[in-house]
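First up is the structure itself, then whatever we jot down about it.
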């Protein structure tokens with residue numbers, strides 16, 4: 001992806017970081033600012049996802065369950081915390097760091113775009129992931145109210161199933177048959193929604209959840 005962007009004439013850098021370690025967040029901002037200058041747009045797209053369930057492990061051993069060919073396990077304190085550390089806490093700290101820098105330099109225009117999932121309201125068989133993304137939607141609404149006076153809009157994109165290489169062909173086919181637009185998503189579908197929220201056309205939109213999922217959720 002970095003090479004593709006550069007080949008097209010864009011300026012792009014990538015750094016690997018574990019967002020469960022909150023000390024990495026100011027480091028990421030420092031690196032980005034050293035390369036690009038002040039940050040005006042923040043997209044929180046990182047995620048941790050391992051399928052878990054309320055069904056006891058003893059029951060799962062008798063009848064193993066799989067989600068899209070991925071094994072499912074009972075929720076544990078560890079599985080819960082792993083999801084919320086990256087999907088919720090890191091998003092909150094990223095927004096805090098963005099807001100602090102924005103306000104200190106007396107900026108007037110900023111964008112925060114958070115990525116959820118259209119299963120966030122209640123994601124059976126992927127429970128911790130869904131719940132951690134639902135927390136992001138709550139953070140978004142609160143941040144929209146608090147940061148609006150500083151010129152920052154805060155919105156959510158809630159994707160349906162997007163094929164990024166993880167989805168087996170039979171799963172893609174079955175979802176295609178039930179999605180109203182009769183196809184699943186592409187990365188470009190989500191990127192187009194990001195471009196809208198980052199644009200001046202979205203100047204008077206904040207605290208909103210935009211479902212980008214071919215009509216899977218309305």
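The values are calculated or read from the model by the stated rules, or taken from the named source; none is laboratory data. This structure is a prediction, so every number in the text was calculated from the model and none was measured. We place every Cβ from the backbone using ideal geometry, glycine too, and count neighbours over all the protein chains shown.
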Verdict on residue 135 being closer than 22 Å to residue 77 by Cβ, surrounded by 18 or more Cβ atoms within 10 Å (Cβ to Cβ) and either modelled with pLDDT of 95 or more or under 17 Å from the mean Cα position of the chain (by Cα) (or both) = yes
Would you check if there is a residue in the range 19-41 being in contact with a strand residue (DSSP E or B) (Cβ under 6 Å, 6 or more places away or on another chain), surrounded by 12 or more Cβ atoms within 10 Å (Cβ to Cβ) and under 19 Å from residue 113 (Cα atoms)?
-> yes
Of those in the range 148-178 that are at pLDDT below 95 and in a loop (DSSP other than H, G, I, E, B), the residue farthest from the chain's Cα centre (by Cα) is 168
Screening 121, 182, 101, 111 for residues that are on the phi > 0 side of the Ramachandran plot and touching a helix residue (DSSP H, G or I) at 6+ places or on another chain (Cβ under 7 Å) leaves only 182
Going through the range 1-17 one residue at a time, which ones are in contact with a helix residue (DSSP H, G or I) (Cβ under 6 Å, 6 or more places away or on another chain) and surrounded by 12 or more Cβ atoms within 10 Å (Cβ to Cβ)?
-> 12, 13, 17
Which helices (runs of 4 or more DSSP H) sit wholly inside the range 1-81 and have at least 2 residues that are modelled with pLDDT of 95 or more?
-> 24-36
Which listed residue, of 159, 149, is free of Cβ contacts under 8 Å to residues at least 60 places away in the same chain, out of contact with any strand residue (DSSP E or B) (no Cβ under 9 Å at 6 or more places or on another chain) and within 18 Å of residue 208 (Cβ to Cβ) = 149
Taking the range 97-129 as the region of interest, how many residues are under 12 Å from residue 154 (Cα atoms) and part of a helix (DSSP H, G or I)?
-> 2
If you go through 207, 130, the only one that is without any contact (Cβ under 8 Å) to a residue 40 or more places away in the chain and over 22 Å from residue 25 (Cβ atoms) is 130
